[in-house]
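For reference, the structure discussed in these notes is given below.
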Amino acid sequence: MSCYALMLCAVWVYPGFTECAEGSIWCSIIYWSTQSAGRPGTLIIIILTSVGFALTGNTALDKLKVMLRTFVVLSIFLAGFAWLNDNVLKPAFHISRPSHLYIIKQAHSTLRLDSIYTLVVTKRRTIFNEIISSDTIHFKSVDRRILNHWVEEAGYSFPSGHSFNAFLLGTFIAWCIFELKGRKIGVLPFLPLLWASIVGLSRVAIGAHTPLDVTAGAGLGLVLSHALLAIPAVRKLIVPVARDMHPVNVP
């Protein structure tokens with residue numbers, strides 16, 4: 001909760017997207033931070049988490065079971081919400097992304113975002129890309145990776161899926177580390193939540209979301225993760241505690 005509170009303070013105080021030069025260090029930091037909670041980044045973290053938790057097994061079979069269980073359970077939770085968020089929540093609120101508003105405003109385009117959003121995703125991406133490519137003045141100073149990210153994320157804004165992914169996954173990993181350390185509070189359990197907070201800040205810094213989007217997404221991830229961990233059957237699937245392992249045979 002403390003990391004969530006700090007993240008809230010940061011995203012609401014941060015001024016939002018500011019143009020950054022091509023290849024600047026700041027652009028690289030916010031870009032790769034935000035990418036770490038996207039689909040490829042989340043998949044990599046799930047795989048690494050599954051492999052790491054597999055080390056708690058006593059036998060090769062235990063290790064394999066833990067790895068597969070962790071991978072499948074986390075993948076189902078995150079993929080399920082991604083579908084719900086993209087197909088139900090975001091269309092229900094139909095709030096425009098700050099990046100798309102920025103594109104239309106800077107290019108002085110006469111196109112309306114509410115009309116663009118009615119098109120299929122591929123068509124939206126084509127339109128945003130054409131607007132940026134045809135304007136050689138207003139987007140010249142923006143890092144190309146950021147522009148590509150704006151084009152790729154052609155859907156609605158609220159709530160932030162990246163922030164949800166980061167806080168749901170970060171809470172699960174933090175809780176597992178806490179359990180594996182014998183419920184001892186240390187630095188390690190806070191690192192996943194620190195990563196989640198950085199992701200939330202990066203979503204505002206990169207121009208993809210407003211503070212409200214990030215607050216809602218992160219809050220949903222935090223609440224849902226705690227709700228799931230409060231269910232013993234679900235918690236047993238997620239947390240690879242030592243007592244779930246088969247005892248090692250000692251000759």
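Structure summary
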item: Near pairs, Cβ below 9 angstrom, 6+ apart or cross-chain, from the stretch 6-28 (more than 17 Å from Ala216 (Cα to Cα) and in a helix (DSSP H, G or I)) to any residue that is modelled with pLDDT under 85 and of a type in the set (Lys, Arg); result: none
item: Which listed residue is outside any helix (DSSP H, G or I), of a type in the set (A, V, I, L, M, F, W, C), at pLDDT 90 or above and not assigned by TED's automatic domain parsing to the domain that holds Ser225, from Leu119, Leu101; result: Leu119
item: Residue within the stretch 151-161 that is in a helix (DSSP H, G or I), in contact with a helix residue (DSSP H, G or I) (Cβ under 6 Å, 6 or more places away or on another chain) and touching a residue at least 60 places away in the same chain (Cβ under 8 Å) present; result: yes
item: Failed item, numbered, when Ala37 is tested on (1) of a type outside the set (Phe, Trp, Tyr); (2) under 29 Å from Gly207 (Cβ atoms); (3) part of a helix (DSSP H, G or I); result: (3)
item: Qualifying residue in the stretch 176-192 (condition: modelled with pLDDT of 85 or more, buried (at least 20 other Cβ atoms within 10 Å of the Cβ) and touching a Ser or Thr at 6+ places or on another chain (Cβ under 9 Å)); result: yes
item: Any hit, the stretch 69-83, residues being over 20 Å from Leu237 (Cα atoms), part of a helix (DSSP H, G or I) and not charged (D, E, K, R); result: yes
item: Failed item in (1) part of a helix (DSSP H, G or I); (2) surrounded by fewer than 18 Cβ atoms within 10 Å (Cβ to Cβ); (3) not aromatic (Phe, Trp, Tyr), with Ser109 passing the rest; result: (1)
item: Subset of the stretch 160-175 [crowded, with 24+ Cβ neighbours inside 10 Å and not polar (S, T, N, Q)]; result: Gly161, His162, Phe164, Ala166, Phe167, Leu168, Leu169, Gly170, Phe172, Ile173
item: Verdict on Thr49 being out of contact with any Leu (no Cβ under 6 Å at 6 or more places or on another chain), of a type in the set (S, T, N, Q) and not in a loop (DSSP other than H, G, I, E, B); result: yes
item: Answer from Thr118, Thr122 - the residue that is farther than 26 Å from Gly41 by Cα and exposed (fewer than 13 other Cβ atoms within 10 Å of the Cβ); result: Thr118
item: Lys90 vs. criteria within 24 Å of Thr171 (Cβ to Cβ), touching a residue at least 40 places away in the same chain (Cβ under 8 Å), in a helix (DSSP H, G or I) and not β-branched (Val, Ile, Thr); result: yes
item: Number of positions in the stretch 185-233 that are β-branched (Val, Ile, Thr), more than 12 Å from the chain's Cα centre (by Cα) and within 20 Å of Thr42 (Cα to Cα); result: 4
item: Residue match in the stretch 130-143 (condition: within 22 Å of the chain's Cα centre (by Cα), part of a helix (DSSP H, G or I) and not assigned by TED's automatic domain parsing to the domain that holds Trp32); result: no
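The values are calculated or read from the model by the stated rules, or taken from the named source; none is laboratory data. Since the model is a prediction, treat every value here as computed from it, not as a measurement. Here Cβ is always computed from backbone atoms with ideal geometry, including for glycine, and neighbour counts include all displayed protein chains.
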